[in-house]
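Here the structure comes first, spelled out in structure tokens, and everything after it is commentary.
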Amino acid sequence: MPTTSSSPTASGVGGTPFADVTASHSTLRRFLHGLPGVDAVGLEGRASSLGTRSIKTTAKAYAIDLAISMIDLTTLEGADTPGKVRALAAKAVNPDPTDRSTPRTAAVCVYPDMVATAKEALKGSGVKVASVATAFPAGRAALDVKLADVRDAVAAGADEIDMVIDRGAFLAGDYMKVYEEIRAVKEVSGSARLKVIFETGELSTYDNIRRASWLGMIAGADFIKTSTGKVAVNATPANTLLMLQAVRDFREQTGVQVGVKPAGGIRTSKDAIKFLVLVNETAGEDWLDNHWFRFGASSLLNDLLMQRQKLATGRYSGPDYVTVD
């Protein structure tokens, strides 16, 4: 928890949360650099120890179903077609055609030009349509271009917007620019929930990840998200643990709950369960719901389905059991 004199209150100035912190570039910088430094050895040790927890059969079955329900099933390729998006939507609604008790995924995530296709395919299913925006994945575009990207996605029916921050501005210390962009995107997103992507693999230090987490939450993020999945280092237990600590502390201080989405590199059921243990032991049970925790991983779903089938039948079907995405 921050302990500096610029530490915000729930009411802030003029009734606006964090208005005192965001009054100027200097006050915002002072607050972010006043956050406690991260003990890297302690953080990584804690993440590693939580990853060794033994999960018994009944709890494992519950965790697998929970993880399936938390997946944002994603296709973000230049070769995406309407047919591919419709097929992905069908898999999101009915991940295992041989077992109708299999949970649906949380969302399907696509580029803005594919939102309408996904929305039509998912009509009435309860599965959300998420769209990346703001010049994903690099975020290198003028603000008006980024906002147009968001408006297009929202107009096409996106329920959620996944935006990328300007990492160049953040690393240069221009926190106010990053803050103002998030605020602007939040405004044009309307009722769509906003996930703010930090690209933690490019932020270099754990201290920067903590600062980015608080900056995103102060600016109004509904979710904070590790990565685009497009760089070498994506979600890790340590960086996700750090972000979970941030949302826990933010709610303790403000009463506002913010979700967390690790994305990229989470491929197996074993990986997913480790992350769910992190959630439970760090933020608590309130985050063990797809309204507050998501996995940005598509290949993960296939392994979860295979492990689910093994628990049900005692037999391991192998990769031919599931569809190829």
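The values are calculated or read from the model by the stated rules, or taken from the named source; none is laboratory data. Treat the numbers as computed from the prediction; the structure is a model and nothing was measured. A quick note on method: Cβ atoms are made from the backbone with ideal geometry, for glycine too, and the neighbour counts reach across all protein chains shown. When the accessible area is computed, the model is the full protein with side chains, heavy atoms only, and any ligands, DNA or RNA have been set aside. Shrake-Rupley method; radii C 1.70, N 1.55, O 1.52, S 1.80 Å.
Of the listed requirements (1) part of a loop (DSSP other than H, G, I, E, B); (2) surrounded by fewer than 19 Cβ atoms within 10 Å (Cβ to Cβ); (3) within 22 Å of the chain's Cα centre (by Cα); (4) not β-branched (V, I, T), P97 misses just one: (3).
Tell me the residue from A312, A272 that is of a type in the set (G, A, S) and either surrounded by 15 or more Cβ atoms within 10 Å (Cβ to Cβ) or part of a loop (DSSP other than H, G, I, E, B) (or both), please. If you could, list the steps in order and put the result at the bottom.
Working: A312 fails: either surrounded by 15 or more Cβ atoms within 10 Å (Cβ to Cβ) or part of a loop (DSSP other than H, G, I, E, B) (or both).
It is A272.
For region 281-302, the set of residues classified as closer than 24 Å to I197 by Cβ, open to solvent by 20 Å² or more (accessible area, probe 1.4 Å) and either charged (D, E, K, R) or in contact with a Leu (Cβ under 9 Å, 6 or more places away or on another chain) (or both) consists of D286, L288, D289, N290, S298, listed by residue number. Screening R140 with (1) surrounded by fewer than 19 Cβ atoms within 10 Å (Cβ to Cβ); (2) modelled with pLDDT of 95 or more; (3) over 20 Å from the mean Cα position of the chain (by Cα) gives one miss only, at (2).
Would you point out the residue of region 37-54, among those that are without any contact (Cβ under 8 Å) to a residue 40 or more places away in the chain and open to solvent by less than 60 Å² (accessible area, probe 1.4 Å), that is farthest from N208 (Cα to Cα)? Steps first, answer last, please.
Of region 37-54, the ones without any contact (Cβ under 8 Å) to a residue 40 or more places away in the chain are 39, 41-42, 45, 49, 52, 54.
Imposing the further condition that a residue be open to solvent by less than 60 Å² (accessible area, probe 1.4 Å) reduces the set to 42, 45, 49.
Values: G42: 17, G45: 19, S49: 23 Å.
So the residue we want is S49.
Within the bounds of region 33-47, is there any residue that is basic (K, R), at pLDDT 95 or above and over 17 Å from Y179 (Cα atoms)?
The initial filter retains those residues of region 33-47 that are basic (K, R), namely 46.
If we keep only those that are at pLDDT 95 or above as well, we get 46.
So of that shortlist, the ones also over 17 Å from Y179 (Cα atoms) come out as 46.
Checked against the condition, which is being basic (K, R), at pLDDT 95 or above and over 17 Å from Y179 (Cα atoms), region 33-47 yields at least one hit.
Does region 210-251 hold any residues that are among the hydrophobic types (A, V, I, L, M, F, W, C), part of a loop (DSSP other than H, G, I, E, B) and within 19 Å of Y179 (Cα to Cα), and which are they? So that I can check it myself, show each step before the final result.
Taking region 210-251 and keeping what is among the hydrophobic types (A, V, I, L, M, F, W, C), we get 212, 214-215, 217-219, 221, 223-224, 231-233, 235, 238, 241-244, 246-247, 250.
Right, trim to part of a loop (DSSP other than H, G, I, E, B) and you get 221, 231-233, 235.
If the condition is that a residue be among the hydrophobic types (A, V, I, L, M, F, W, C), part of a loop (DSSP other than H, G, I, E, B) and within 19 Å of Y179 (Cα to Cα), then A221 is the only one that fits.
The single condition from (1) within 16 Å of the chain's Cα centre (by Cα); (2) open to solvent by 10 Å² or more (accessible area, probe 1.4 Å) that L278 fails is (2). Taking the criterion of being surrounded by 13 or more Cβ atoms within 10 Å (Cβ to Cβ) and part of a loop (DSSP other than H, G, I, E, B), the residues of region 55-91 that qualify are I55, M70, T75, L76, D80. S204 satisfies every condition listed in (1) surrounded by fewer than 23 Cβ atoms within 10 Å (Cβ to Cβ); (2) modelled with pLDDT of 95 or more except (2).
Quick one: how many residues across region 107-121 are over 19 Å from the mean Cα position of the chain (by Cα) and surrounded by fewer than 24 Cβ atoms within 10 Å (Cβ to Cβ)? Outline the logic, then answer.
Start the filter on region 107-121 by keeping residues that are over 19 Å from the mean Cα position of the chain (by Cα), which leaves 113-114, 116-121.
Of the ones still in play, those that are also surrounded by fewer than 24 Cβ atoms within 10 Å (Cβ to Cβ) are 113, 116-117, 119-121.
Matching residues across region 107-121 total 6.
Would you mind finding the one in T134, T102 that is over 23 Å from G259 (Cα atoms), β-branched (V, I, T) and in contact with a helix residue (DSSP H, G or I) (Cβ under 7 Å, 6 or more places away or on another chain)? Reasoning before the result, please.
Values: T134 fails: over 23 Å from G259 (Cα atoms).
Going through T134, T102 in turn, just one is over 23 Å from G259 (Cα atoms), β-branched (V, I, T) and in contact with a helix residue (DSSP H, G or I) (Cβ under 7 Å, 6 or more places away or on another chain): T102.
Test R104 against the criterion of being modelled with pLDDT of 95 or more, touching a Ser or Thr at 6+ places or on another chain (Cβ under 8 Å), part of a helix (DSSP H, G or I) and open to solvent by 60 Å² or more (accessible area, probe 1.4 Å), and give yes or no. Here the answer is no, as R104 does not meet what is asked. Here is the figure for region 196-225: residues that are of a type in the set (A, V, I, L, M) and in contact with a strand residue (DSSP E or B) (Cβ under 6 Å, 6 or more places away or on another chain) total 4. With respect to L305, is the statement that it is touching a helix residue (DSSP H, G or I) at 6+ places or on another chain (Cβ under 9 Å), at pLDDT 95 or above, assigned to a helix (DSSP H, G or I) and more than 25 Å from L241 (Cα to Cα) true? So L305 fits the description; yes.
Scan G265, G168 and give me the residue that is of a type in the set (G, A, S), part of a helix (DSSP H, G or I) and open to solvent by 10 Å² or more (accessible area, probe 1.4 Å). Steps first, answer last, please.
Working: G265 fails: part of a helix (DSSP H, G or I).
On inspection, the qualifying residue turns out to be G168.
Does region 222-244 include one or more residues that are polar (S, T, N, Q), farther than 20 Å from L43 by Cα and open to solvent by less than 10 Å² (accessible area, probe 1.4 Å)? No, region 222-244 contains no residue that is polar (S, T, N, Q), farther than 20 Å from L43 by Cα and open to solvent by less than 10 Å² (accessible area, probe 1.4 Å).
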